[in-house]
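Below is one structure; the comments refer to it alone.
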Amino acid sequence: MTSRTRLIAAATVAAGALALAGCKTKGDIVVDEGVGITAVHGACPAVGIPDYTGDITLFSVPGSTDANAIDLVAAMTNLRSTCNDQAEKVSATVGFDVLARRNDTSAARSVTLPYFVTVMRGGRAVVTKRVGSVTINFAAGQARAQAHAEGSAFIDKAEATLPAEIRERITRKRRAGDSDAAVDPLGQPDVRAAVARATFEVLVGFQLDDKQLAYNATR
């Protein structure tokens, strides 16, 4: 699993979220009037699919990666999340659809695919990982099918909350002429480390073996 991920902010699960990228919302860090930063670090995690784990290819010939031997291709889409940060444990539920296509449509078939739900902290540390499965059902003669699956994650709210002193250093307005007006608080090692410790992500993807992951990365 790579550190490069396609992330969707937990507070912006609508399909048009990118259109709102210029708006200040919970979880954003934005420049305020050119001097100073407004940061509202929410406890709800971002959600995303790590690169190369959002699709899976099965082959009819064991060990083959030839295009003529492709049996089934499935992809995750419509990733959505809901979050409750009102309790001591922040709970996040992640839902997604799996769209699948098969080549041999002669008979009805069910295919079960494994997926993972991982909580990452600071972009590097794995906090928890759970493995689930989703079953795709094809009727006889049907080439395409889809299914829906969900996963959940829990995060300690205290650990996902910035310390008050760090929050004040980040959000304090700085005026031109102030001694620290040109200092980026997020560039200071202790602030950057505190933000990383309080930053959690919930990552979802297919549970792939090394060969499947390599196939996705190189095709």
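Coordinate-derived values only; no laboratory data. What you see is a predicted model; the values in this text were computed from it and never measured. Cβ: placed from backbone, ideal geometry, glycine included. Neighbour counts: every protein chain shown.
Structure notes:
- Taking the number of Cβ atoms within 10 Å of each Cβ as an exposure proxy, the fewest-first ranking of Arg101, Arg124, Arg130 is Arg124, Arg130, Arg101.
- Centre separation in Å (Cα based) which lies between segment 60-114 and segment 124-152: 4
- FRET efficiency for the pair Gln86 and Arg124, taken as 1/(1 + (r/R0)^6) with r the Cβ-Cβ distance and R0 = 30 Å, rounds to 0.60.
- If the segment from Ser110 to Asp190 were pulled out straight at 0.36 nm per residue, it would be longer than the present Cα-Cα gap by 23.6 nm.
- Since only Asn78, Pro163, Ser91 are under comparison, the one whose Cα sits farthest along the positive direction of the charge dipole of segment 76-168, derived from C-beta charges on Lys, Arg, Asp and Glu, is Asn78.
- Spin-label proximity, Leu58 to segment 132-176 - amide N less than 19 Å from point 7 Å beyond Cα toward beta carbon: 132-150
- Val119, Val73, Val90 arranged by Cβ crowding within 10 Å, fewest neighbours leading: Val73, Val119, Val90
- Segment Tyr215-Lys157, extension gain: residue separation times 0.36 nm, minus the distance between their alpha carbons: 17.1 nm
- For segment 88-104, the Karplus equation 6.51 cos²θ - 1.76 cosθ + 1.60, evaluated at θ = phi - 60°, returns couplings of 5, 9, 6, 10, 10, 10, 10, x, 7, 9, 10, 9, 10, 9, 10, 8, 8 Hz by residue, with Gly and Pro reported as x.
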